[in-house]
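The structure appears below as structure tokens.
The values are calculated or read from the model by the stated rules, or taken from the named source; none is laboratory data. What you are looking at is a predicted structure, and each value in this text was computed from that prediction instead of being measured. Here the Cβ positions follow ideal geometry from the backbone for every residue, glycine too, while neighbour counts run over all protein chains shown.
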Amino acid sequence: MPEALEITIKIESQCGRIDKILSAQLPQFSRSQIQKWITAGTINVNGHHVKAKDQLVIGDVVVIKPTEPKKLSLAPENIPLDIVYEDADVIVVNKPQGMVVHPSVGHPDHTLVNALLYHSPLSTINGEFRPGIVHRIDKDTSGLLMVAKNDQAHRSLAAQLKNKTNKREYVALVHGQIKENGGVIDAPIGRSPSNRQKQAIVADGRHAVTHFSVLKRYQHYTLISCRLETGRTHQIRVHMQYINHPVAGDPLYGPHKTLAGNGQYLHARVLGFKHPVTGEEMTFEAPLPQNFKDILTHLDNTDALG
């Protein structure tokens, strides 16, 4: 990590314990890591050192200077995988909520890539720490990913993503009752000017289009399906917040303490692509994970329409 790295956050809405607020604002770092930085004195508020239990209030300016991490190394790890399909060229895997796709400073190991390397050789195109990874989904988003086992397959799958010929559909539970049966959100996405850990709708952002349709309405929530026309970072999460229906459970873009759980209720349910060697059109579907089913059952019992 370069010495110049510094994260500055201005507290604009959320108040509470500093370790809890920062772990929500910076989902790429664990709460225990943030507590270690606080103990090491590399986090200050308004120019003063703090303790993990200290409270943040609106207007506070938090400056984080992360300590130099250990050099990343990529090792195969015997972690169980939910493999939906596999052949000599591709793997389709159903990633659980809570698993990071590839190693990074905040998550050096126990990632999907570590598990995949234990299972199979992977393509080398995407760099040392992202072998095989053609596209990614967020840590707390569950669902389907296509993985390339060799460079030829990787080039083909990446081209399909670029040309928007593959199929990606998600299921999301969002706040509020959407009145329309469906719609299209066409709004450019780029890094937030006020918080570098977030994405936002910005005039000079990258073109981003999300199609959505309503699956079920509750009194205070709506279950929707989303089809991605583009694949920007946090796209569904940012777009749904933009139309005032943020994804439920989202620690970064949604209201806090609304539904039980450990992250956004967002699941990559359908994945389709043309096989990189045979040319066969392939489509896969992964059912909602149990925690998602459980929250829908809870809403059926407590928030159903009259």
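Points worth noting:
- Verdict on T233 being surrounded by 14 or more Cβ atoms within 10 Å (Cβ to Cβ), part of a loop (DSSP other than H, G, I, E, B) and either at pLDDT 95 or above or hydroxyl-bearing (S, T, Y) (or both): yes
- Among the residues examined, K53 qualifies as among the basic types (K, R) and either over 25 Å from the mean Cα position of the chain (by Cα) or in a loop (DSSP other than H, G, I, E, B) (or both).
- Verdict on G279 being outside the structural domain of I91 (by TED's automatic domain parsing), part of a loop (DSSP other than H, G, I, E, B), at pLDDT below 95 and not hydroxyl-bearing (S, T, Y): no
- Number of the exception - K162 against (1) exposed (fewer than 14 other Cβ atoms within 10 Å of the Cβ); (2) in contact with a strand residue (DSSP E or B) (Cβ under 8 Å, 6 or more places away or on another chain): (2)
- Members of segment 28-50 found to be hydrophobic (A, V, I, L, M, F, W, C), surrounded by 15 or more Cβ atoms within 10 Å (Cβ to Cβ) and not in a loop (DSSP other than H, G, I, E, B), listed by number: I34, W37, I38, I43, V45
This table checks each residue for (1) among the aliphatic types (A, V, I, L, M); (2) farther than 16 Å from H275 by Cα; (3) not in a helix (DSSP H, G or I).
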| residue | (1), (2), (3) |
| --- | --- |
| V93 | yes, no, yes |
| H107 | no, yes, yes |
| R136 | no, yes, yes |
| S156 | no, no, no |
